[in-house]
Amino acid sequence: MNNLPTDEVQVNEKCREVHYRATGLLISTVMNQVKRTHLEWKDTDLTLEERGSPVASDSSFDVVSKIDRMELDNAVNQASREIDTRFDFKNTGSKLELEGEKILIEASTEERAKAALDVLKDKLVKRGVSLKHIDPSEPSLSGKVYKINCLLKEGITTENAKKVAKFLRDEGPKSIKTQIQGDELRVTSKSRDDLQTAIAMIKEAKWDFAVQFTNYR
């Protein structure tokens, strides 16, 4: 009992002593834990990502050339209805229809076949379908009917993908990387701003094929 503090000053001093000892013990425990963790990491081949540290990842988008089939159908149907109702197409046998991967146009005269093609082009543009997605033939006479075959064009060929890749490599931001994936081109960078610049550059460039941008992430 003689070791117990006898007045207020002694009580305060005793409390401070206990507090310092507890604080020192806590700091010592934390430091030992840090040292053990450091040694464990040194003894393993874990990457920073596996250890839970943030690692910068690439962002990307795909350059594609795909037809919106719903809008294509809408354009063909609207063009067909206009041809059916317009007076200048009356009694000319003019018609157009979607057959698989082509649009077939027929008319009794070459001039009306070309006029029907113009109607189709107008509807495609209004529905947001690039005219670069169609490859119309010259009117050809088959019996008593002139026909125009409009082949549909989709996908980026390897040759065209290489053109876009070279364009970005020569003119685009230095952080940009490209990779051909089938009929698409993957564009990657650690900088989202550089990706936006690449998209703007591709849009402004002149290509003989339609391009769209998908899978931006």
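No lab work stands behind these numbers, since they all come straight from the coordinates. The structure displayed is predicted, hence computed values, not measured ones. Here Cβ is always computed from backbone atoms with ideal geometry, including for glycine, and neighbour counts include all displayed protein chains.
Going by C-beta contacts inside 10 Å, put Ile105, Ile180 in order with the fewest on the left.
Ile180, Ile105
Looking at the range 69-152, I'd like the Rg to Rh ratio, where Rg is from alpha-carbon atoms and Rh is Kirkwood's inverse mean 1/r.
So for the range 69-152, dividing Rg by the Kirkwood Rh gives 0.94.
Considering only DSSP states other than H, G, I, E and B, which trypsin sites (Lys or Arg not before Pro) in the range 80-122 qualify as loop sites with at most 11 other Cβ atoms within 10 Å?
Loop-located and lightly packed - Lys90.
So what is the diffusion coefficient of the range 119-217 in µm² per second by Stokes-Einstein at 4 °C and 1.567 mPa s, using a Kirkwood Rh over Cα pairs?
For the chosen part, D equals 83 µm²/s.
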